[in-house]
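Quick notes on the structure that follows.
The values are calculated or read from the model by the stated rules, or taken from the named source; none is laboratory data. What you see is a predicted model, and the numbers here were worked out from it, not measured in a lab. Neighbour counts run over all protein chains shown; Cβ positions are idealised from the backbone, glycine included. We work out accessible area using only protein heavy atoms, side chains counted, and drop any ligands, DNA or RNA first. Shrake-Rupley method; radii C 1.70, N 1.55, O 1.52, S 1.80 Å.
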Amino acid sequence: EQGVEVLITAASGMEGGTVSWEGFEVHAVPSGVHGALGGFVRKNLNLDGGDRLITLVDAWRLRGQDLIGIPTLAWTNFETEPASRRGLEALRTEAARPIPSSQFVADLLIAAGLEGGHPIPHGIDRTVFSPLRGMDRSMSRDLARNALGLPRDSFIVGMVVSNAQGSLNRKSVPEVALAIAPIARRDPRVLLYIHTNDLYGSVAQGLDLPLLMAQAGVPADQVVLSSAHDPLKPVDDRAMSVRYNALDVLCQPSAGEGFCIPLVEAQSCGVPVIASQFSAQPEQVGPGWVVGGQRRWIPEMDATVVTPSVQEIGDAIEMARQAGPGVFLEAVRFSERYDARVLLADQWKEALGSESWPTSQ
């Protein structure tokens, strides 16, 4: 559509070979093999003809990929402050030019002595993440709730959670559970809906969510824990759009985000959001609420994240319950800046045409 030829590669989970995705062939690059990405690029791209490599992984994963001499745009996320030392080291060693996904990330790069550059946020398909019935919020919500078997008259607070690293608790599920528990006990119409990859945290050392809800005091009939039936087949975008449409508010006060895609996807569906006053999150809140919290040090990351305030999360949920219908249209309009097609045409073409590349340090 934009006149750009694309070749897609992936590592984790792709050891079996090439697969098809959205009309593209996705080629496997062996995960953890020294120099695998660099070798693949030199074999399959015409670097003398102006081809470029764009990476979208944690920056530290670039180390040892043999990218010296390959024009590499590293679409970069950092969720802590300061930025990960090993991530910064990999960017320098592999001479990759970082493209920050948010102003927060750009500021971290500048603080570390790297080129911050103009942020290019993650984009979404706004033809998929949208109200289900034009601009009729009420009908869109009712259709979504019917499809999911959720009560039409409930006030539904949603979360989208990758349930991993319970000790870090980056998605702040315990704090949200503690905040909503007394509200739910006072009003049986309040419902907490959590979409996750793993209910019991058994895959990536996450949290036992049913146990956590019980211990936090959330009434059992006022919480819905939804997960993919097959962890190898994640819920697709259209199914996620239905989930967002069913919500009254998305409560996503993370410990830290370089870019939080659910905040954008929910608002594109007309749903206001709750986020933390830390990292990139405030940049991504149009109609909604940001909550404060307490900084905490993560020794293994040598950096800080935030634990959001339980009281402020509860206050934000109560404010969301009082919000008028105007937040629906405001949310949809705010999300326009994240339209993937617009970002490709206006920002990525310019970035791909740049001749400014760092040298290894």
From the residues in the range 247-263 that are in a helix (DSSP H, G or I) and touching a strand residue (DSSP E or B) at 6+ places or on another chain (Cβ under 6 Å), which one is most open to solvent (accessible area, probe 1.4 Å)? Pro262
Just one of (1) open to solvent by 30 Å² or more (accessible area, probe 1.4 Å); (2) at pLDDT below 95; (3) among the small types (Gly, Ala, Ser); (4) touching a helix residue (DSSP H, G or I) at 6+ places or on another chain (Cβ under 8 Å) trips up Ala164, so point out which. (4)
From the list Ser101, Ser138, pick out the single residue that is of a type in the set (Ser, Thr, Tyr), within 30 Å of Leu247 (Cβ to Cβ), touching a residue at least 12 places away in the same chain (Cβ under 8 Å) and touching a Pro at 6+ places or on another chain (Cβ under 9 Å). Ser101
Has the range 201-216 got any residue that is of a type outside the set (Asp, Glu), at pLDDT 95 or above and in a strand (DSSP E or B)? no
For Phe155: the one exception among (1) modelled with pLDDT of 95 or more; (2) in contact with a helix residue (DSSP H, G or I) (Cβ under 8 Å, 6 or more places away or on another chain); (3) crowded, with 20+ Cβ neighbours inside 10 Å: (3)
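So that you can scan it fast, the table gives a plain yes or no per residue for (1) under 23 Å from Ala255 (Cβ atoms); (2) surrounded by fewer than 16 Cβ atoms within 10 Å (Cβ to Cβ):
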site: Gly38; (1), (2): no, no
site: Asn46; (1), (2): no, yes
site: Thr55; (1), (2): no, no
site: Arg85; (1), (2): yes, yes
Hey, among the residues in the range 130-143 that are open to solvent by less than 70 Å² (accessible area, probe 1.4 Å) and under 21 Å from Tyr338 (Cβ atoms), which one's modelled with the lowest pLDDT? Gly134
When both residues are 6+ apart or on different chains and their Cβ atoms are under 7 Å apart, which pairs have a first residue that lies in the range 106-123 and is modelled with pLDDT of 95 or more, and a second that is open to solvent by 30 Å² or more (accessible area, probe 1.4 Å) and assigned to a helix (DSSP H, G or I)? Pro119/Gln103; Ile120/Gln347; His122/Ile261; Gly123/Ala340
Across the range 174-197, what is the total count of residues that are modelled with pLDDT of 95 or more, among the β-branched types (Val, Ile, Thr), surrounded by fewer than 23 Cβ atoms within 10 Å (Cβ to Cβ) and closer than 29 Å to Pro299 by Cα? 0
The number of residues in the range 279-295 that are in contact with a Gly (Cβ under 9 Å, 6 or more places away or on another chain), at pLDDT 95 or above and open to solvent by less than 10 Å² (accessible area, probe 1.4 Å) is 2
Can you go through Asp302, Asp237 and tell me which one is at positive phi, surrounded by fewer than 16 Cβ atoms within 10 Å (Cβ to Cβ) and touching a residue at least 12 places away in the same chain (Cβ under 8 Å)? Asp302
Between Gly117, Gly158, which is on the phi > 0 side of the Ramachandran plot and of a type outside the set (Val, Ile, Thr)? Gly117
